[in-house]
1. If the only charges are +1 at each Lys and Arg Cβ and -1 at each Asp and Glu Cβ, what is the size of the charge dipole of the range 97-225 around the Cα centre, to the nearest 20 debye?
2. Can you tally the net charge around Leu270? Count Lys and Arg as +1, Asp and Glu as -1, for every other residue whose Cβ sits under 10 Å from the Cβ of Leu270.
3. In the set (1) 34; (2) 39; (3) 23, which value of percent of Cα pairs over 30 Å apart was calculated from the structure you see?
4. Given +1 on the Cβ of Lys and Arg, -1 on the Cβ of Asp and Glu, and no further charges, what dipole in debye does the range 5-100 carry about its Cα centre, rounded to the nearest 20?
5. Say R0 is 22 Å: what FRET efficiency, to the nearest 0.05, do Val114 and Phe191 get from their beta-carbon distance?
6. Can you give the alpha-carbon Rg of the range 114-240 over 2.2 N^0.38 Å, where N counts its residues?
7. Among Trp273, Ala179, Ala238, pick out the residue whose Cα is farthest towards the positive end of the charge dipole of the chain, where Lys and Arg carry +1 and Asp and Glu carry -1 on C-beta, about the Cα centre.
8. Under a Cβ-only charge scheme (Lys and Arg +1, Asp and Glu -1), can you give me the dipole magnitude of the chain about the Cα centre, in debye to the nearest 20?
Amino acid sequence: MAVFTRVTEPELISWLDDYSLGQLLELQGVASGIENTNYFVTTSNGRFVLTLFEKLAASELPFYLNLMSHLARHGIPCPSPVANRHNQFLSELNGKPACIVSRLSGKSLMNPEVIHCAAIGGMLGRLHNAARSFAETMPNAHDAVWRTRAAQQVTPFLSPQDAALLESEVAFHGKHTLAALPQGVIHADLFRDNVLFDGARIGGLIDFYFACNDSLLYDVAITVNDWCMGADSILDKARTQALLQAYHEVRPMQKEEHIAWPIALRAAALRFWLSRLYDMHLPRENELIHAHNPDQFKCILQRHIAANSNVIWL
């Protein structure tokens with residue numbers, strides 16, 4: 001969500017001629033994030049978000065846009081893509097694939113309480129259930145092959161201790177996978193900054209551009225690692241159990257998922273430690289970017305390894 005590709009008001013006005021969204025009133029760049037260029041767009045017809053895709057190819061994008069449209073039709077509060085006059089969600093702006101979606105109400109919570117974690121757990125269960133009827137599929141771009149390749153690329157930048165930890169953990173997950181667990185479409189990035197609360201109500205889930213097919217438990221672990229983590233990089237028991245219980249009430253989890261829970265937590269922590277290492281040490285040229293500190297997820301990973309099977313569950 002950083003500004004990699006600059007869009008001027010005249011350029012956007014010309015692009016919007018292909019849409020029935022009214023007159024452009026305001027264009028504002030969004031500075032946070034690391035994957036795509038985003039702008040808040042206000043027109044005489046409402047508020048929207050314009051996205052220019054910096055990494056994803058045009059051929060990959062229909063999955064994400066069709067998924068959001070599907071979920072919105074099934075009661076999940078997520079951005080709804082707007083079709084142009086040719087009935088297409090995707091077009092091109094300044095040489096990049098681009099789309100415009102509805103802008104949702106609410107704001108992110110940086111200090112969630114038990115009630116918020118329960119709401120997220122229930123909503124994630126609803127998302128997984130709603131996505132069961134979505135026919136399209138997308139492999140996880142951050143799979144075992146990616147882990148191995150990315151680890152090799154970032155290792156020269158690491159201390160011997162961190163390099164050894166990374167090598168050991170990549171090898172561990174090569175032997176202990178989640179492939180036998182229930183699979184489906186996952187959000188894969190449901191962090192606090194990707195959820196909007198409108199008062200006590202969830203106003204929206206955003207940023208679906210990591211969505212893919214993978215273990216549903218892995219998606220729960222990604223979410224728990226952010227929403228339920230204490231300042232000491234140890235999971236808060238009350239928040240964790242609230243999220244898991246609310247999820248379980250919507251999409252009951254299996255015994256095999258209970259057994260694999262420690263592995264899922266480690267896999268989720270490794271994915272974000274590794275991607276943040278990559279973004280820090282091998283960044284792309286851009287105008288404005290906010291890079292996340294990889295040490296946060298290194299500490300979370302180390303805590304999960306130390307806890308072994310003694311992790312919080314239902």
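The values are calculated or read from the model by the stated rules, or taken from the named source; none is laboratory data. Just so it is clear, the model here is predicted, and its values are computed rather than measured. Cβ: placed from backbone, ideal geometry, glycine included. Neighbour counts: every protein chain shown. Note: accessible area is taken over every heavy atom of the protein model, side chains too, but ligands, DNA and RNA are not part of it. Shrake-Rupley method; radii C 1.70, N 1.55, O 1.52, S 1.80 Å.
1. Roughly 260 debye for the range 97-225.
2. Values: positive: Arg147, Arg266, Arg271, Lys298; negative: Glu169.
Counting the neighbours of Leu270, the net charge comes to +3.
3. The value matching this structure is (1).
4. 240
5. Details: r = 18 Å, r/R0 = 0.82.
Working from the Cβ atoms, E equals 0.75.
6. 1.18
7. Ala238
8. 640
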